[in-house]
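First up is the structure itself, then whatever we jot down about it.
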Amino acid sequence: METRSTFNSVGELDQLREFASGAALEVVQLGPGQMSGLLAHCDLGCSSLHLNQLSLPARGRGVLSVDRWTFVVFPERVQGCFNSVPLSSEIVLAYPPGTEFQGTVTSAFHDWVFTVDLDELSQTYAKLFQRELSFRSRGFQLLRPAPATTQQLRELASHTLDRSRQSPQLLVDAKVRVHLHERLLELLAASVHSAAQIEHRPCAVQMSRWQVVRRAEDYMRECADPADFADHTLHAYAHQRTQLASCLPRRPGRQPDQSTLTTLRISITYRV
């Protein structure tokens, strides 16, 4: 089991592609100014820990992992939505391999991300609780674990990443790596066991909004010439200006308008 730690400072828009190491994501900046932040990653072989820290609002879309389950934990006072779920320090979001992620954060932001192999997690769960691991559905999961367990996950990630940054040689020790890997599996198993598992199926209105915004974004990526709001509305199959506006990301207390699309357009053009 090998360990590799990376700590990348975000200083320009292109670096948002690395929002989560190993993920296939499209991420665009939604706020004016120079993006800054930190993307920290610690690979423990069959599991990994990540810290994603950004200074400005952003929107992401894609797949977090193609071969592992991904669990996401948040700090206090976080603002935004992932897969239509309002973010909170009380929840853990779990994504099966290949599941689509869609997220918008409306302020400075950070989260902790964990990836694990489901077979290993299942073995740990069975060992700890003498029962098989099961989820209410095969798709995206919204969990509400015991607060103490969620806090322990945050502390494990913060402590491990801080120590590996200060003393990279610490994780050369195989015993340390195995201990961290097993501890992560135990905490995630405890999170699932203690959680109130909420089967989250977005309502028809939420799904419709996702589809409208996707089509507008796809159109902007494909369009070589500047396009106005009416074009975005048409290609998103929204027949009224207000329909597309109601689907767009917004900041608290502000109505979305053409400036949101303009920001997306500039971000996409700059990246390409």
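The values are calculated or read from the model by the stated rules, or taken from the named source; none is laboratory data. Note that the structure is a prediction, hence the values are computed from the model and not measured. Because the Cβ atoms are built from the backbone with ideal geometry, glycine has one as well, and the counts that use them run over all protein chains shown. Quick note on the areas: whole protein, heavy atoms, side chains included, nothing else; ligands and nucleic acids left out. Shrake-Rupley method; radii C 1.70, N 1.55, O 1.52, S 1.80 Å.
The protection proxy used here, the mean number of other Cβ atoms lying within 10 Å of each residue, ranks peptides 69-81, 161-173 as follows, highest first: 69-81, 161-173.
The overall shape of the stretch 63-208 is oblate: from the C-alpha gyration tensor, with semi-axes ordered a ≥ b ≥ c, the ratio a/c is 1.5 or greater and a/b is no larger than b/c.
According to the square roots a ≥ b ≥ c of the eigenvalues of the Cα gyration tensor, what is the shape class of the stretch 156-197, taking rounded for a/c under 1.5, prolate for a/b larger than b/c otherwise, and oblate for the remainder? Because a/c hits 1.5 or more and a/b fails to exceed b/c, the stretch 156-197 counts as oblate.
Is the stretch 32-119 rounded, prolate or oblate when judged by the Cα gyration tensor, a ≥ b ≥ c being the square roots of its eigenvalues, rounded requiring a/c under 1.5 and prolate requiring a/b larger than b/c? Because a/c hits 1.5 or more and a/b exceeds b/c, the stretch 32-119 counts as prolate. Per residue, how much accessible area does the stretch 113-197 show when a 1.4 Å probe rolls over the protein heavy atoms, in square angstrom? Value for the stretch 113-197: 55 Å² per residue. Heavy-atom surface analysis with a 1.4 Å probe gives the stretch 13-162 a carbon and sulfur content of 48 percent of its accessible area.
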